[in-house]
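Report on the following structure.
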2 protein chains.
Amino acid sequence: MARRSRTSRARNAVQTGAAPSPFIRRTLPHYDVLDEDQIARLEEQVDWILQEVGIAFRDDPEALELWKREGATVNKDIVRAPSDWIRNLCAKAPREFTQLARNPERSVQIGGMSQVFAPIYGAPFVRDVEGGRRYGDLESFEKLVKLTYMHPNLHHGGFVTCEPCDVPVSKRHLDMLFAHMTLSDKPHLGAITEMSRAQDSVEMAEIVFGADVMAENCVIMGNVNTNSPLLVDRVVTESARVYSTRGQGLIVVPFILSGAMGPVSTAASVAQAMAEAMMVCAYVQLLRPGAPFVLGNFLSSMSLKSGAPTFGMPEPVISNYAIGQLARRAGLPLRCGGSLTASKIEDAQAAYESADSMHSTMLAGANFVLHSAGWLEGGLCTGFEKLIMDAARLGSYQKVLGQGLDTSDEALARDAYDEVEAGGHFLGCAHTMRNYQTAFYEPKLSDSENVESWQEGGSKDMRHRAYERWNQMLNEYEPPGMDEAKNEELAAYVAHRKEEIPDAWY
Amino acid sequence: MARRSRTSRARNAVQTGAAPSPFIRRTLPHYDVLDEDQIARLEEQVDWILQEVGIAFRDDPEALELWKREGATVNKDIVRAPSDWIRNLCAKAPREFTQLARNPERSVQIGGMSQVFAPIYGAPFVRDVEGGRRYGDLESFEKLVKLTYMHPNLHHGGFVTCEPCDVPVSKRHLDMLFAHMTLSDKPHLGAITEMSRAQDSVEMAEIVFGADVMAENCVIMGNVNTNSPLLVDRVVTESARVYSTRGQGLIVVPFILSGAMGPVSTAASVAQAMAEAMMVCAYVQLLRPGAPFVLGNFLSSMSLKSGAPTFGMPEPVISNYAIGQLARRAGLPLRCGGSLTASKIEDAQAAYESADSMHSTMLAGANFVLHSAGWLEGGLCTGFEKLIMDAARLGSYQKVLGQGLDTSDEALARDAYDEVEAGGHFLGCAHTMRNYQTAFYEPKLSDSENVESWQEGGSKDMRHRAYERWNQMLNEYEPPGMDEAKNEELAAYVAHRKEEIPDAWY
């Protein structure tokens, strides 16, 4: 089953130019925008925050106790520590690790020269051409999990592809986990909003992978925000206690709207984000040395008119390049960027902003990219068409990163010049015949025909082509093969927990 | 001066979101994608083409005569020459030069760390929301010249912003030149399609600038394509004789659709383009050592379905990065890229493709970017909305390139951390109050409001906002001041030449 799907993907790659790799192994060099002096100034700022300003660990006496015991200076709930100690702790985190998928062919490598794309996370609303904008529900959620599973350019399922708002908040995570674990065989994240929900995530992952495998491998990760500025709340430390102590991955993301949760300056916001994430990384390494950790960064600019966050703008673009360089120096895997936009619909604004955001995310070397497809309205809304449109573009980034410029003898095509005269053409020459099928990336959703053909086809814009595409994909969906006993065990776990937990809508 | 201009740039940025600099002085480092081995292999290929394969100079015995006299090997019309000689000739071209505008505050620097954005060139069709798709005419042309003049993010007028198809081909250039010279005071290009039209361009420029100024300065440039593969026709050599011998600029652009006008390989196409443009540069330097020259590159990929060119794809993206690096090594100013797309309308496809194309153009360090705004349908159509939408995005690139990441003391904002507590906010702190007005680029055409405000405003997509914007701009248009005598002299020149030249539609 899995094999069949891979073969058809590989065949597809010949037709589409897409690489059927489960993640991107980058060969393109990184882009370093900071000079030595800038790096020194930013790292000095990080050290100053760690040592002088400090970071609060709030509402979690157990976390403060650990910091005290290990020798940090704790003042009320503010933790300060020598920066070289924090950096040494961070160095215990792996530079690169594998997150297993239940289909081993889809396991992903996080860190180093690997880059992994996952869809939008956390939107309460969904939108599509036919149904318009509405609250997310479990039906939409499951469709999004299926589409993510099927799309060759998405490597990872993420988690809350939309909020299933028709299910009580207290039980939602169970349905989401069950959907990811049964409708897809790609790797995914788990819940973090409350300790018991994180616990359910890890327990269900243990059913899928078995205790032995889980003891030795990362099979699930939690993605959690600090409470910027400079505040780590219990959601973070409890997630760390559930995921990290069991050797599972933790992605910690300062979300900074510059001017609100950080100074109104890109450099200061980047340094603050580094300090916050590194402090949590150090905490995680105190809990369990070597636990996989991803340094997150999510920086947005602001509209002067309304104070609303803006995306795809020069400040977050430059912050992607800068944080990429700093994360590589710190030796930590990085999550940043995505196909981000403030647009409400799938128009040119959405695409311009998403492309500039994602182009810089790609070049910055982001190892794990959440929100790489489907994001609208500053993250409030998951667009079905947007998911498919963004994902089509990800194939292009995949080729840029994975292949770079081929300068082999075959690529230099000297034999072609024996056949083709000045002013002639290369259309039928032997070199072209040998190579044309794989020479170009062919995106599924771009229309490159002339205006007459396009009009004959109904003058459809990209949004309408995307609408047709995702509907076609859902019609063709087949669930990945799964061990029946495991499926039943998961279903029983969900049923049992749903009985235990009271309905709650917060 | 530099200091003052930075300050006023910052102030203006508050009002328009745009930097009012006449061009971009890049501070961001370049992005080098090629390693030493790749560079060596590509340059060896260039040398091989120059020395072994050769390049035809067709239908121009005078050009072949010059090559022979100077010592090249000429076989029929194929010119071969030692690559070190060609490279030494190319080294005579200035690494950087100024093109004067008739308003000296709008003169642009071409080469080095400068980057200049110009609109689309050469489309026979135009399109806007109200009028739909139609042939270009002089009225549309003049509107496009006005909009380019008014837009702060376009530094250069280009030339054929659309074809004025209602004017005979034989006379069109006169109306276009007159419009650029009177409706705008930005620098622009001249005609190249026939020697007499190039001559008219230079004569009219002499009226505007005076013979003395013109003798010492570049005041106009021609932009001309080679006839790839490996063919330089009379249009190129005659343009060189008109522009270059008078010390005016020449931009020479191999347009290569990989697989047709070059091998179906990005590396081979890039090397071929380098060889073609360098050979013409050498020819130009034989005509007049030191004549300003811009090495052009225009590479497109191809749809496997139809053979139609595709844009914004991984192959041209990587070619932008590669050619940028090779041009810097050759010490020649570079034209490449643009906001390119195969889409027929101003939809998400147009924006994704344009943004990825332009993001790579920007980072590649392209010194002169034709087609940076307005391009649709693979260049067949100038979109009024597209022009304004693309131009709005250019402001973002301007800030990324011009400012990079500010890591000054003020940017690091240490005083803000004295005021703001963990979990607090920076909205009202002194550092924010000092900096918020200039902190963020604010694009005119992006809507960042919440969905309710956007719906109250009529749920307009970016295309409709662009439509309103360009109409508003034209309503507010005022022509730049101009010496009345010069205006009359230009008008008289045009009238006289129109009498001399017979109407012709080819």
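The values are calculated or read from the model by the stated rules, or taken from the named source; none is laboratory data. Here the structure is a predicted model, which is why all the values come from computation and not from measurement. Cβ sites come from the backbone with ideal geometry, for glycine too, and all protein chains shown count toward neighbours. We work out accessible area using only protein heavy atoms, side chains counted, and drop any ligands, DNA or RNA first. Shrake-Rupley method; radii C 1.70, N 1.55, O 1.52, S 1.80 Å.
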(request) Would you kindly work out, in nm and rounded to one decimal, the distances from the label point of A:Gly428 to those of the same position in each other copy, ordered shortest first, with label points 7 Å along Cα-to-Cβ? (result) 7.8
(message) Run the reach check for A:Lys76 against aspartates and glutamates, Cα to Cα strictly under 20 Å, same-chain hits fewer than 8 apart removed. What comes back?
(response) A:Glu52, A:Asp59, A:Asp60, A:Glu62, A:Glu65, A:Asp233, A:Glu238, A:Glu276, B:Asp418, B:Glu419, B:Glu421
(request) Please report the buried accessible area for the interface of B with A, total over both chains, probe 1.4 Å, in Å² to the nearest 100. (result) 9800
(request) Report, in degrees rounded to the nearest 10, the 0 to 90 angle that the Cα long axis of helix A:384-403 makes with the longest principal axis of chain A. (result) 80
(request) Find the all-direction average of the projected area of the Cα convex hull for region B:246-350, expressing the result in square nanometres with one decimal place. (result) 7.5
(message) Give the aspartates and glutamates reachable from A:Lys305 as a straight Cα distance under 13 Å; neighbours fewer than 8 places away on the same chain don't count.
(response) B:Glu442, B:Asp447, B:Glu449
(request) For region A:315-332, just list the computed ³J(HN,Hα) in residue order, Karplus coefficients 6.51, -1.76 and 1.60, θ = phi - 60°, integers in Hz, with x standing in for Gly and Pro. (result) 5, x, 4, 5, 5, 4, 4, 5, 5, x, 5, 5, 5, 4, 5, 6, x, 10
(request) Collect residues whose amide H, placed 1.01 Å from N in the peptide plane, falls under 5 Å from the amide H of A:Ser107; neighbours closer than 5 in sequence don't count. (result) A:Ala101
(request) Would you mind computing, in nm to one decimal, how far apart the modelled labels at A:Asn88 and A:Glu139 are, each placed 7 Å from Cα along Cα→Cβ? (result) 5.9
(request) Excluding residues on the same chain fewer than 8 positions from B:Lys498, give the lysines whose Cα lies under 23 Å from its Cα. (result) B:Lys143, B:Lys171, B:Lys486
(request) Measure of size requested: the Rg and Dmax of region A:49-142, with Cα atoms as the atom set and Å as the unit; please supply both. (result) 21.1, 59
(request) Give the shape of region A:160-211 as rounded, prolate or oblate, defined through the alpha-carbon gyration tensor: a ≥ b ≥ c are the square roots of its eigenvalues, a/c under 1.5 means rounded, and otherwise the shape is prolate if a/b is larger than b/c and oblate if not. (result) oblate
(request) Return one quarter of the surface area of the convex hull spanned by the alpha-carbon atoms of region B:363-436, equal to its mean projected area, in nm². (result) 8.0
(message) Apply the Karplus curve 6.51 cos²θ - 1.76 cosθ + 1.60, θ = phi - 60°, to the phi angles in region B:155-161 and return the couplings in whole Hz, x for Gly and Pro.
(response) 9, 9, x, x, 8, 7, 4
(message) Using only Cα atoms and rounding to the nearest 10 degrees, what angle (0 to 90) does helix B:169-183 make with the longest principal axis of chain B?
(response) 40
(message) Quick check: convex hull of the Cα atoms in region B:254-305, volume per residue, rounded to a whole Å³?
(response) 59
(request) Using only atoms on other chains, find how many Cβ atoms lie within 10 Å of each Cβ of peptide A:424-431 and report the average. (result) 5
(request) Can you pull a Stokes-Einstein diffusion coefficient for region B:318-469 at 20 °C (1.002 mPa s), Rh from Kirkwood over Cα pairs, as a whole number of µm²/s? (result) 118
(request) Over chain B, give the accessible area per residue in Å² for a 1.4 Å probe, as an integer. (result) 35
(message) At 1.4 Å probe size, with the rest of the protein present, what percent of the exposed accessible area of region A:162-288 is carbon and sulfur atoms?
(response) 48
(request) Just round it to a whole percent: the fraction of Cα-Cα distances in region A:178-333 exceeding 20 Å. (result) 52
(message) Need the per-residue list for region A:373-416: every residue with at least 40 Å² less accessible surface in the complex of protein chains than in the chain by itself, probe 1.4 Å, sorted by number.
(response) A:Arg393, A:Val400, A:Leu405, A:Thr407, A:Leu412, A:Arg414
(message) Starting from the Kirkwood Rh over alpha-carbon pairs, what translational D in µm² s⁻¹ does chain A have by Stokes-Einstein at 37 °C and 0.692 mPa s?
(response) 139
(request) Highest first, please rank the peptides B:175-181, B:39-45, A:54-60 by the mean number of other Cβ atoms sitting within 10 Å of their residues. (result) B:175-181, A:54-60, B:39-45
(request) Could you please state, rounded to a whole Å, how far the C-alpha centre of region A:50-67 is from the C-alpha centre of region A:398-445? (result) 58
(request) Quick one: pull the percentage of alpha-carbon pairs in region A:412-506 with a separation above 20 Å. (result) 72
(request) Could you work out, for the protein assembly as shown, what percent of all Cα-Cα pairs fall into each 10 Å distance bin, beginning at 0 Å and stopping at the bin that holds the largest distance? (result) 2, 11, 20, 24, 19, 13, 7, 3, 1, 0
(message) If I model region A:324-401 as equal point scatterers sitting on the Cα atoms and use the Debye formula, what is log10 I(q)/I(0) at q = 0.27 Å⁻¹?
(response) -1.21
(message) Within 10 Å of each Cβ in B:432-445, how many Cβ atoms from other chains are there, averaged over the peptide?
(response) 5
(message) Could you work out [θ]222 nm for chain B from helices alone, using -39500 (n - 2.57) per DSSP H run of at least four and dividing by all its residues? Round to the nearest 500 deg cm²/dmol.
(response) -15000 deg cm²/dmol
(message) Output wanted: per-residue J couplings in Hz (rounded whole) for region A:334-348, from phi through Karplus 6.51 cos²θ - 1.76 cosθ + 1.60, θ = phi - 60°, x for Gly and Pro.
(response) 10, 10, 7, x, x, 8, 9, 7, 9, 5, 8, 9, 8, 9, 4
(request) Starting from the exponent 0.38 and prefactor 2.2 Å, build the expected Rg for region A:146-252 from its residue count and divide its actual Cα Rg by it. (result) 1.06
(message) Once the label point is set 7 Å along the Cα-to-beta-carbon vector, what list of distances in nm do you get between A:Thr73 and its counterparts in the other copies?
(response) 7.6
(message) Per-residue Cβ counts within 10 Å, from other chains only, averaged over B:135-145: what number is that?
(response) 0
(message) If each label sits 7 angstrom from Cα along the C-beta direction, how far apart, in nm, is B:Pro104 from its counterparts in the other copies?
(response) 7.5
(request) Take the alpha-carbon centre of region B:460-491, take the same for region B:105-176, and report the distance between them in whole Å. (result) 12
(message) One quarter of the convex hull surface, Cα atoms only: what value does that give for region A:208-250 in nm²?
(response) 3.0
(request) Let me know the whole percent of all Cα-Cα pairs from region A:23-73 that are separated by more than 18 Å. (result) 59
(request) Could you order peptides B:287-295, A:428-436, B:371-379 by the average number of other Cβ atoms within 10 Å of their residues, highest first? (result) B:371-379, B:287-295, A:428-436
